[in-house]
Amino acid sequence: MKTPSTIHHSRITRPRGFTLIEIVIVLTIISILASGAIYMLKGNVDVAKETKVEGDIQAISTQLQLYEARNMRPPTTEQGIKALVEKPTTEPVPERWIQLMEDMPKDPWGQEYKYRYPATKSKKSYDLYSIGKDGVDGNEDDIGNWKKSEAK
């Protein structure tokens, strides 16, 4: 017959807590869920970068329109969009130049935006674009002002 002291003793010696197997299973489930979430968020980061490029191109395009209105022509390819930040020294040197941007933004992949006048892809007078995440000019992942022109 068990006495109260032996019953109490058996409760104390019984193991408490999680086993190693239970901990491993829980950690495996957490890591699977975390990797799935990271995979899903990766697509959102790419979309955010493309949206930033489109916003930058729109902002630069607005300043290029102002430059053209003041100087009767857009900057040449050689002058580039740097003409919005510092006065061009190559011909044609603008007579009514003002600084329209503090500095030139870079695309989300750390590259400078490309500018070409006259345009070869856009319906506008110039091409303004990012070479995209692969860093190679002329590929399908280039994001430029012709994308919106084609959509219209």
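The values are calculated or read from the model by the stated rules, or taken from the named source; none is laboratory data. Here the structure is a predicted model, which means the values were calculated and not measured. Because the Cβ atoms are built from the backbone with ideal geometry, glycine has one as well, and the counts that use them run over all protein chains shown.
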Residue match in segment 75-97 (condition: out of contact with any Lys or Arg (no Cβ under 7 Å at 6 or more places or on another chain), at pLDDT below 85 and either under 30 Å from residue 123 (Cβ atoms) or assigned to a loop (DSSP other than H, G, I, E, B) (or both)): no
Filter pass, residue 144 being under 18 Å from residue 54 (Cα atoms), of a type in the set (Gly, Ala, Ser) and in contact with a strand residue (DSSP E or B) (Cβ under 6 Å, 6 or more places away or on another chain): yes
Scan of segment 48-90 for residues that are in contact with a helix residue (DSSP H, G or I) (Cβ under 7 Å, 6 or more places away or on another chain) and of a type in the set (Val, Ile, Thr), ordered by number: 60, 81
Qualifying residue in segment 30-47 (condition: of a type in the set (D, E, K, R), assigned to a helix (DSSP H, G or I) and free of Cβ contacts under 8 Å to residues at least 12 places away in the same chain): yes
Qualifying residue in segment 51-65 (condition: out of contact with any His (no Cβ under 7 Å at 6 or more places or on another chain), of a type in the set (A, V, I, L, M, F, W, C) and in a loop (DSSP other than H, G, I, E, B)): no
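Considering only residues of segment 52-85 that are among the charged types (D, E, K, R) and under 26 Å from the mean Cα position of the chain (by Cα), which is surrounded by the most Cβ atoms within 10 Å (Cβ to Cβ)?
56
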Subset of segment 86-128 [without any contact (Cβ under 8 Å) to a residue 12 or more places away in the chain, closer than 29 Å to residue 46 by Cα and exposed (fewer than 12 other Cβ atoms within 10 Å of the Cβ)]: 110, 120
Condition met for residue 105 (at pLDDT 90 or above and in contact with an Asp or Glu (Cβ under 6 Å, 6 or more places away or on another chain)): yes
Among residues of segment 1-28, those that are assigned to a helix (DSSP H, G or I), modelled with pLDDT of 85 or more and surrounded by fewer than 10 Cβ atoms within 10 Å (Cβ to Cβ), counted: 2
